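Single-structure report; data block below.
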Amino acid sequence: MNHFFIVLSRSFLNSLKLRLMVSILAMVIIILPVIAVIIMNSFEKHMVRSIENELSAYSYSILAVAEVEQGSLVMPEGLIENQFNVSSSGLYAFISQQSKLKTNSLWRSQSLLTLSLPKQLPEQLALLTTGDTAFSTIEIDGFEHFIYSYAISFNEGEQNFPMTVHIVKDKQTFLAFMADFKQQLWFGLSMLMVIILLLQLAWLLWTLKPLSTLEKEVKAIEQGKAQRLTSIYPKELSQLTSQLNQLLDTEQKQRQRYRNALSDLAHSLKTPLAVLQAQSDISAVNQEQISRINSTIDHQLKRAQSAGNSSWLIGIDIAPVVEKLLNTLAKIYQGQQKQVTVNLTQKLSFKGDEADLLELLGNLLDNAYKAAKSKISLSIRQQDKTLIINVEDDGVGIKEQEVQRILERGVRADTYQEGHGVGLAIVRDLVESYQGELSIGCSANLGGAQFQLSFSSK
C-alpha cells in the first residue's frame, strides 16, 4: 500500500497536467460546497430573523387589544389576524403570568384551544422580567414551534399587572421550506460544478496544447520522422523550441564536419601507407605492421564516427535499414544457400545514427553468413523501453572461454574465433558508446551462436 502511494505521488509530481487537474478539481469540490454552506447558513439566519420580527409584530397587535380591568385581563373574542381565530392554524398566542410556584395561563387564542401547552415553560421564558424579550423553540404535541415572548406590565392605579405575551408559530413550514431551498441549491450547485469542470477541462487542454504538440514533435524527431521543430509556439516556449532547433542543427553540422575531417585524415594516412606497401624491398615483418596500421585506422575511424555519445539521438526507422542490408548481403553471398528468417515490427526505431545501425547489423549478419551452415535468424523487438536485437545462426557457435575473452575490454579483434571476424570489436565498441549491452551465447533454436544487443531508452 505504501508503495502504491509512493508511485502515485511520483506520477503526480511528474505531470503538470495532472497537477492542474487535481488543483481544479480540489477548487471546485472544496470551494463551491463551502460557498453553498455559507449561503445556506446566511439564508437560514435571515429567515429565522424574519420570523422573529414577524412574531414580534404579532405580539404588539395582541397588546394593542389587551386590557386590564379590576385585576383581570380582558381580551376580545376575535382578533384581527384571522389565523389566531382558526383552530390549529399554525399561528398561536397565549398570555401567561409567572407566580412563585408555577406559570399561570391568563389567555389563549382560539387557534390554540385544541393543542396542549407544556405545563412548565422553558426557564429562559419563565424568568423574563418586564421589558425583556426572548426568541427560541418549544415542543407542542411532539412538534417543534418557534416562540417569541415579550414581558410587560400594565398599571392599574397604583398596582402593577405583570404578564408575558407569547406568540407561537409552527416550525414545520419553515423546515419544509429550508429543505426545498437546500435541495434546489445543491442541485444548482451540482450543475454549476459540472459546467465549471467542463470549462476548466477545455481551458486546460487548450492551455497545454502547445506542450502536447511539443511532445509529439520531439517523438517524431526521436523516431526519425522529422529533423526539427516546425510548429508555432507561445512566447513562453518559443525560446526553448528555438534553442532546441539550434541544438539539432549544430549537432548535425558538427557531426558532419567531424566525419569529413576523419575521412580526410584516413585518406591522408592511407596514401603514404599504400606507397610503403608497394615497395618491394619491405620485409614481411614491416608489411605485417603496415597492414595492422591499416586495420587499426579503419577500426578507430568507425568507432570515432559513432553517434552514441551524442547529446541528441535522432531516431531512425529500422525496417528500411534491415531490408537494404539483407539485399546487399544476399548479393554478396548469392552463391550460398542461406535461409534468413526476419522477425521485425515495422514501426520500431533506433535512437542513434543510421551509419552506426548499419555497422552493428552489418557486422553481426556478415559474421552469421560466414559461420552459418544454412540458417540465420534476425529478431528485433521492443520490450518496455528497451530495444532488443538478436542475431542467431546454426554454425558451430563460440566456445564459452572465447565469449568471455571477446567481452573483455582491450582484447585484440584478430584473436576472435574464425567465422566471427574482427567486426565484433567494432560492434562491442559501438554498443558501449550507446551505453547498451552485448551478450553472446548459444542459440536455443538454431544451435549456433547468438548475439543479443540491448539498448535502453532513458
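Summary table
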| read-out | value |
| --- | --- |
| Candidate set: the stretch 321-338, residues that are out of contact with any helix residue (DSSP H, G or I) (no Cβ under 9 Å at 6 or more places or on another chain) and either assigned to a helix (DSSP H, G or I) or among the aromatic types (Phe, Trp, Tyr) (or both); chosen: the one surrounded by the fewest Cβ atoms within 10 Å (Cβ to Cβ) | LYS331 |
| Qualifying positions in the stretch 389-404 - more than 18 Å from ILE318 (Cβ to Cβ) and not in a loop (DSSP other than H, G, I, E, B) | ASP393, GLU400, GLN401, GLU402, VAL403, GLN404 |
| Test for ALA355: is it under 20 Å from GLN450 (Cβ atoms), of a type in the set (A, V, I, L, M) and out of contact with any helix residue (DSSP H, G or I) (no Cβ under 8 Å at 6 or more places or on another chain) | no |
| Unmet requirement for GLU222, which otherwise passes all of (1) surrounded by fewer than 17 Cβ atoms within 10 Å (Cβ to Cβ); (2) under 20 Å from LYS351 (Cα atoms); (3) out of contact with any helix residue (DSSP H, G or I) (no Cβ under 8 Å at 6 or more places or on another chain) | (1) |
| Any chance PHE181 is surrounded by 15 or more Cβ atoms within 10 Å (Cβ to Cβ), assigned by TED's automatic domain parsing to the domain that holds GLU139 and under 30 Å from ILE140 (Cβ atoms) | yes |
| Residue in the stretch 49-66 that is outside any helix (DSSP H, G or I) and over 60 Å from the mean Cα position of the chain (by Cα) present | yes |
| Some residue of the stretch 397-410 being exposed (fewer than 15 other Cβ atoms within 10 Å of the Cβ), out of contact with any helix residue (DSSP H, G or I) (no Cβ under 9 Å at 6 or more places or on another chain) and either under 19 Å from GLU222 (Cβ atoms) or hydroxyl-bearing (Ser, Thr, Tyr) (or both) | no |
| Residue list for the stretch 225-243, restricted to those being under 18 Å from THR207 (Cβ atoms) and exposed (fewer than 14 other Cβ atoms within 10 Å of the Cβ) | SER231, ILE232, PRO234, LYS235, GLU236, SER238, LEU240 |
| Extreme residue, nearest to ALA93 (Cα to Cα), among residues of the stretch 126-154 that are among the charged types (D, E, K, R) and surrounded by 13 or more Cβ atoms within 10 Å (Cβ to Cβ) | GLU144 |
| Those strands (runs of 3 or more DSSP E) lying entirely in the stretch 339-388 with at least 2 residues under 32 Å from the mean Cα position of the chain (by Cα) and in contact (Cβ under 8 Å) with a residue 60 or more places away in the chain | 349-351 |
| Of all residues making up the stretch 172-205, the number that are farther than 30 Å from SER89 by Cβ and either small (Gly, Ala, Ser) or touching a residue at least 60 places away in the same chain (Cβ under 8 Å) (or both) | 12 |
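The values are calculated or read from the model by the stated rules, or taken from the named source; none is laboratory data. Treat the numbers as computed from the prediction; the structure is a model and nothing was measured. Positions of Cβ are backbone-derived with ideal geometry, glycine not excepted, and every protein chain shown enters the neighbour counts.
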